[in-house]
Amino acid sequence: DYVVVKMIPDNRLPPRHLHSVRTGKTFAVIKWESPYDSPDQDMLYAVAVKDLVRKTDKIYKVKSRNSTVEYTIKKLEPGGKYHVIVQLGNMSKESSMKINTVPLSAPDALKIITENDHILLFWKSLALKESNFNESRGYEIHMFDSLMNITAYLGNTTENFFKVSNLKIGHNYSFTVQARCLYGGQMCGEPATLLYDELGMGEDSSATRSGRPTDVAAIVVPVLFVLLVALGIGFVVLYMRHRRLQNSFTAFANSHYSSRLGSAIFSSGDDLGDEDDEAPMITGFSDDVPMVIA
């Protein structure tokens, strides 16, 4: 024996398992499940998005009969902070979560050029790779002094360079450049960081080195070129010595060539000894024979 029991749906229950699936710079994909399994009719949900930075609210309506609902929240701001609330349209119990959108990227190619009494920071325009960035927003620059353990805000600019003066001798600095923060410094871009320690060489600040940091390629390329030239000269010397030895041997062989035999004849040490045996032996000189010296 068995009994089938059908539970009465409770529309006062909150949506279940609310979570974020994917978050971008200007959107967020959220997902949740219906308050009970297998709804037999369309369910109307209210999705409230509270901007925690701007202090504004937006409400979206979503209708679905599925047990699992996926919804994309659009028109968000990079680096923003949001509080999302999902509940049934009859204002039942709610489910909530917080979302932080992806901030703008850091500026590329941050470099330092040293002048006589100051330095210049250069970087590429962020608008080249970020369609959501407007140059009128500008950039802000920070400096960290590792010796004093102090971070200072240097200012902001709408240009792609910034002048920094009054650096102290013996101090190491880290500079950061990022998209300017909005609304109380809460919506910022990712920072690009560069270390600068050229003033730690004991030089006077008014005579700071104007040259840029030594490029490794500027050293490696000339060294490789010198090695290649030396190696080429070595091969030429060996080749010339080989040719000279070959020519000497050829001349020597030609001087001993016999046209009658059709080959070169080289004498051994035994042949030279035979001629010495045929010559009379010199024994000595007599006392009564005068020696004449011509």
> What area, in nm² and to one decimal, does the C-alpha convex hull of the range 117-159 cast on average over all directions?
Replying inline: 4.2 nm²
> Accessible area of R22, 1.4 Å probe, to the nearest 10 Å²?
Replying inline: 130 Å²
>> Going by Cα centres, the range 14-41 and the range 156-176 are how many Å apart?
In response: 47 Å
>> For a quick check: with amide H placed at 1.01 Å from N, whose amide H comes under 5 Å from L104's, ignoring anything fewer than 5 positions away on the same chain?
In response: G79, E190
> Which of the pairs K61/K93; K6/K61; K55/K81; K50/K98; K50/K75 have their Cα atoms more than 19 Å apart in this structure?
Replying inline: K6/K61
> What full-extension length gain, to one decimal in nm, is calculated for D57 and D40 as 0.36 nm per residue of separation minus the Cα-Cα distance?
Replying inline: 3.0 nm
>> How high is the relative contact order of the range 16-100? Use alpha-carbon pairs under 8 Å, at least six apart in sequence, and give a whole percent.
In response: 34 percent
> Treating the beta-carbon of each Lys and Arg as +1 and of each Asp and Glu as -1, no other charges, what is the dipole magnitude of the range 1-143 about its Cα centre, to the nearest 20 debye?
Replying inline: 280 debye
>> If I take every Cα pair under 8 Å that is 6 or more residues apart in the range 108-197, average their sequence separation and divide by the length, what percent do I get for the relative contact order?
In response: 28 percent
> For the range 87-155, with only Lys/Arg (+1) and Asp/Glu (-1) charged at the beta-carbon, what is the dipole magnitude about the Cα centre, in debye rounded to 20?
Replying inline: 400 debye
>> I'd like to compare 70-82, 164-176, 141-153: which one has the highest average count of other Cβ atoms within 10 Å, and what's the full order after that?
In response: 70-82, 164-176, 141-153
>> Quick check on the range 16-100: take the gyration tensor over C-alpha atoms, sort the square-rooted eigenvalues as a ≥ b ≥ c, and tell me if it's rounded (a/c under 1.5), prolate or oblate.
In response: prolate
> Counting only residues 5 or more places away or on other chains, whose amide H sits under 5 Å from the amide H of N172 once H atoms are built in the peptide plane?
Replying inline: S146, L147
> For M187, which sequence-distant residues (separation of 5 or more, or a different chain) have an amide H within less than 5 Å of its own amide H, given hydrogens modelled in the peptide plane?
Replying inline: L182
>> To the nearest 20 Debye, how big is the dipole of the range 16-100 about its Cα centre, given +1 on the beta carbon of each Lys and Arg and -1 on that of each Asp and Glu?
In response: 460 debye
> If you line up the Cα atoms of the range 108-197 on their principal axes, what length do they span on each, largest first, in Å?
Replying inline: 41, 26, 16
>> Output wanted: per-residue J couplings in Hz (rounded whole) for the range 81-92, from phi through Karplus 6.51 cos²θ - 1.76 cosθ + 1.60, θ = phi - 60°, x for Gly and Pro.
In response: 10, 9, 10, 10, 10, 10, 7, 5, x, 8, 6, 6
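The values are calculated or read from the model by the stated rules, or taken from the named source; none is laboratory data. All of these numbers come straight from a predicted model, not from anything done at the bench. Ideal geometry is used to build each Cβ from the backbone, glycine not excepted, and the neighbour counts take in all protein chains shown. Heads up: the accessible areas ignore ligands, DNA and RNA and are worked out on the full protein's heavy atoms, side chains in. Shrake-Rupley method; radii C 1.70, N 1.55, O 1.52, S 1.80 Å.
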